[in-house]
Amino acid sequence: MKNINNDLFNQYIILKKYLNEEEKIEIEKLEDICKKYDEVILKLELDYKNKLEKDYKNNINEINEFLYYSNKELIGYASISCFNGNVAEINGMVHPEFRRNGIFTKVIDLVLNECKKRSFSEILLLCDDKSDSGRNFIEYFNGKYSFSECRMNCKELNFNSVDERIKFKKANNKDINKINELNRLFFGEGCNEKILPEDEERNGAITYLICLSDEVIGKIKVTKEFNGAYISGFGILPKYRGMGYGKRSIIKVLKKLNEEKITNITLDVEIKNKNALNLYKSCGFKEESIINYYRIYI
C-alpha cells in the first residue's frame, strides 16, 4: 500500500495540446488499473488522438490534455476531445488509491476553464453506465443527462447473405468533399473529417464509399489495429434505406475482416437509435457496455 499522505506533497499538473508516446503509455497503464478496479469502460480515444495530424503552429495555447502527477507517477488524467463541430467531450480518471483527495475536481476545474476560453457550443462529460461514483461526480458539476452510446462486439459471423452487387471503393483525398457531404447528411452539420483519407489509411483507418451499380449509396470507416477492428461513420442514403443494403454492407465488411483474420470487431451506437441497434444485432453484434453523456453548463 502506498503512503498516500507523503505522495500527495509532491504533486504537479502538466497541461498540453498533444500527448507524446511516453505519456500515452502512462495513461494506458493508469487506464488498466482503473478498469480492473472499477470494472467499467473508459472512452479515452487515445489511439484516435495519436493518429491526429499535429498542428503546433495554430492555436498553440489550446490545451487538450491534463495530466496529474504525484512523485513522477501519473495518478490523474482528463482530456478534451472534439469530434463533431464545436462539441467538447470530456473523460478522465484518478488512480483508485488517490481518490477522495480532490484530485479530479482540480483537474476538471482546469478542463472547464479551458472549455470556457474556447467557447464550445456544447460540453459533454462521459461516464460508464455502471459507475455510481462517476455519476455522483457529474451530478456535483450539475451535469444533465443527454444521451447514451452502446459499445457492441461482433459475436456471431454469418456470411450467407453477401450481396456481390455492393462494392466498396476505398476513399482517397479527392473524395473528402463527398465524405463530408455524407457526414453532414448522416450525423448533422459540422461533422467534417479532421484527417484526410489517405493520411488516415497510413494509420490503419480506411474509409470506404459504398457503391451500388457505380452509384454511391453510403460510406463506412474501418479502423484496424493488431487483431481488432472498429467500425464507425456508417450510413446509407435515405432513398436506399429499408431495402437491406445497410445489413448487406455490414456483412460484407465483416466477411472482409474475417478473411484478414480479424476477429475482435467493435462499434458504438446511440441507444435511442433503435433501427441501428437492431441492424447491428441482426449482423451478429451483442451489447457490451453503455457510456452515458452528460451536458455541462458553464
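The values are calculated or read from the model by the stated rules, or taken from the named source; none is laboratory data. Please read these numbers as outputs of a predicted model, since none were measured by experiment. Every residue, glycine as well, gets a Cβ built from its backbone with ideal geometry; the counts of neighbours run over all protein chains shown. Accessible surface areas use protein heavy atoms only, side chains included; no ligands, DNA or RNA. Shrake-Rupley method; radii C 1.70, N 1.55, O 1.52, S 1.80 Å.
Projected onto the charge dipole of the chain (+1 at Lys/Arg Cβ, -1 at Asp/Glu Cβ, origin at the Cα centre), which of L257, N71, A276 gives the Cα projection farthest towards the positive end?
It is A276.
Take the Cβ-Cβ distance between N113 and K174 as r, set R0 to 51 Å, and report the resulting FRET efficiency rounded to the nearest 0.05.
FRET efficiency, N113 to K174: 0.80.
Determine the dipole magnitude for the chain: charges of +1 sit on the beta-carbon of Lys and Arg, -1 on that of Asp and Glu, nothing else is charged, the reference point is the Cα centre, and the result goes in debye to the nearest 20.
Magnitude of the dipole: close to 820 debye.
Please identify which residues in segment 105-138 have an amide N closer than 11 Å to a label point set 7 Å out from the Cα of C82, following the Cα→Cβ vector.
Zone members listed by number: 115-122.
Using alpha-carbon pairs under 8 Å, 6+ residues apart, how would you state the relative contact order of the chain in percent?
Relative contact order here is 21 percent.
Can you tell which of I90, I138, I14 shows the greatest fluctuation in a Gaussian network model of the chain with Cα springs below 10 Å?
Result: I14 has the largest fluctuation of those listed.
Between D214 and E62, take the C-beta separation as r, use R0 = 45 Å, and let me know the FRET efficiency to the nearest 0.05.
That gives a FRET efficiency of 0.60.
Sum up the charges of everything whose Cβ sits under 15 Å from the Cβ of N86, counting Lys and Arg as +1 and Asp and Glu as -1, but leave N86 out.
+1
If the chain between K194 and Y18 were fully stretched, how many nm would it gain, using 0.36 nm times the residue separation less the Cα-Cα distance?
That works out to 61.9 nm of additional length.
Take the chain, connect every pair of alpha-carbon atoms lying under 10 Å apart with a spring to form a Gaussian network, then pick out the residue of K239, K169, K35 with the largest mean-square fluctuation.
K239
Given a 1.4 angstrom probe, what's the average accessible area per residue across segment 156-277, in square angstrom?
Ligands and nucleic acids excluded, the figure is 53 Å² per residue.
Which of rounded, prolate, oblate describes segment 211-298, given a ≥ b ≥ c as roots of the alpha-carbon gyration tensor eigenvalues and a/c under 1.5 marking rounded, otherwise prolate only if a/b is larger than b/c?
Note, shape of segment 211-298 comes out oblate.
Please work out whether segment 121-215 counts as rounded, prolate or oblate from its C-alpha gyration tensor, where a ≥ b ≥ c are the square roots of the eigenvalues and a/c under 1.5 means rounded, while otherwise a/b larger than b/c means prolate and anything else oblate?
In terms of gyration-tensor shape, prolate.
First check a/c for segment 69-123, with a ≥ b ≥ c the square roots of the eigenvalues of its C-alpha gyration tensor; if it is under 1.5, answer rounded, and if not, answer prolate when a/b is larger than b/c or oblate otherwise.
In terms of gyration-tensor shape, prolate.
At q = 0.21, 0.23 Å⁻¹, what log₁₀ I(q)/I(0) does segment 207-255 have when each alpha carbon counts as one equal point scatterer in the Debye sum?
Computed log10 I(q)/I(0) values: -0.72, -0.83.
So for the pair F147, R165, with labels modelled 7 Å out along Cα→Cβ, what separation do we get in nm?
Between F147 and R165, the simple spin-label model gives 3.1 nm.
Along Cα→Cβ, 7 Å out, is where each label goes; now give me the distance between the ones at D132 and E28 in nm to one decimal.
3.3
Wrap a convex hull around the Cα atoms of segment 118-169, take a quarter of its surface area, and give that in square nanometres.
Result: 7.9 nm².
Calculate how large, on average over all directions, the projected area of the Cα convex hull of segment 139-298 is; give the answer in nm² to one decimal.
10.8
Just subtract the alpha-carbon distance of E288 and E97 from 0.36 nm times their residue separation and send over the number in nm, one decimal.
66.0 nm
For the chain, give the percent of accessible area contributed by carbon and sulfur heavy atoms, probe 1.4 Å, rounded to a whole number.
Carbon with sulfur: 46 percent of the solvent-accessible area.
Per DSSP helix of 4 or more residues, -39500 (n - 2.57); summed, then divided by the residues of the chain. What does that give at 222 nm, rounded to the nearest 500?
The helix contribution divided over the chain gives -9500 deg cm²/dmol.
Pick from K281, K72, K170: which residue has the top mean-square fluctuation in a GNM of the chain where Cα pairs under 10 Å get a spring?
Comparing K281, K72, K170 in a Gaussian network model of the chain, the most mobile one is K72.
If you take the alpha carbon radius of gyration of the chain and divide it by 2.2 N^0.38 Å, what ratio comes out, to two decimals?
Taking N as the residue count of the chain, the ratio is 1.07.
What lysines sit close enough to K247 to cross-link, taking a C-alpha to C-alpha distance under 17 Å and skipping anything fewer than 8 places away on the same chain?
Correct list for K247: K155, K167, K219, K221, K239, K255, K256, K274, K281, K286.
Just want the answer: with Cβ charges of +1 for Lys and Arg and -1 for Asp and Glu, which residue in P96, I210, I179 is farthest toward the dipole's positive end in segment 65-214?
P96
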